[in-house]
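Input: a single structure, listed below in structure tokens.
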Amino acid sequence: MAIIFLSSCRKETSVKPLIESNNINAVANYKLADTIADGASFKIRLWTDVTTYDETAFIFRHGANVNYVLNEDALYMPGMGDVSLASISTDGQLLAINTLPYHYHQKVHLDIETKTATAATLGMRSPVKIPSNLHVWLRDKFLGDSTDLTVANHNFNITADPNSFGNKRFVLLFKLDTTIKKS
């Protein structure tokens, strides 16, 4: 079965095919550039126990900038806590609130810090208007594995090794599940 997407322009009366494909997943990927509703949001929480945690928030908005923008994002302000978590904008700013557009396979780096070596967990919290087919994957470069935070938390250890913390260990990847389930 071939699927054809059609596009037209107000100035033109003709309709022409934009994509023609026999692969339904290739066609589904075409429109994944920015499909998350404005205002959709979630938080990533870093914790070592129930009272020791920090969070960073992500808010999706069409037309948002991936760089830090005053009055759109919030810079991370380090506190006195035992753990700290921030997302990193494309221009390298540490953010507590990161407003961004959705792009298929978009990557956002995280910065994690602790005062001591410890066992820790990263997890997704407080989803708002997040579609059920959006998966937030956490890539752990230190351990060489990935966790889908929409279904599980990621447990790890922070040690004296400088590769076990900081801004190079963790990357979030936003992916839409485009498989079509047959009934």
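For the ranges 103-113, 160-170, what's the packing order if you count other beta-carbon atoms within 10 Å of each residue, average per peptide, and put the highest first?
Highest to lowest by the protection proxy: 103-113, 160-170.
Apply the Karplus parameterisation 6.51 cos²θ - 1.76 cosθ + 1.60, with θ equal to phi minus 60°, to every residue of segment 111-121 and state each ³J(HN,Hα) to the nearest whole Hz, in sequence, with x for glycine and proline.
Computed from phi, the couplings for segment 111-121 are 10, 10, 9, 9, 7, 9, 5, 6, 7, 9, 9 Hz.
Note the full-extension length gain between Ser146 and Asn71 as 0.36 nm times their separation in residues minus their Cα-Cα distance, in nm to one decimal.
23.7 nm is the gain from fully extending Ser146 to Asn71.
Grab the other residues whose beta carbon is less than 13 angstrom from that of Gln93, score K and R as +1, D and E as -1, and report the net.
Residues close to Gln93 contribute a combined charge of -4.
Of the trypsin sites (Lys or Arg not before Pro) in segment 114-156, which ones lie in a loop per DSSP and count no more than 15 other C-beta atoms within 10 Å?
The qualifying sites are Lys115, Lys129, Lys141.
Would you please give the FRET efficiency between His103 and Asn155, computed as 1/(1 + (r/R0)^6) with r the Cβ-Cβ distance and R0 = 35 Å, to the nearest 0.05?
Once the sixth-power term is evaluated, E becomes 0.75.
At 0.36 nm per residue, and after removing the present C-alpha to C-alpha distance, how many nm does the segment from Thr52 to Asn133 gain when stretched out fully?
This chain segment gains 26.1 nm when fully extended.
Where the centre of each part is set by its Cα atoms, how far does segment 165-179 sit from segment 91-143, in angstrom?
Using only Cα atoms, the two centres lie 7 Å from each other.
Which residues' amide hydrogens lie under 5 Å from the amide hydrogen of Leu149, considering only partners 5 or more residues apart or on another chain, with H built in the peptide plane?
Val136, Trp137, Leu138
Rule-based calculations on the coordinates, nothing more; no lab input. Since this is a predicted model, take the numbers as computed values, not measurements. In this analysis, Cβ positions are derived from the backbone assuming ideal geometry, glycine residues included, and neighbour counts consider all displayed protein chains.
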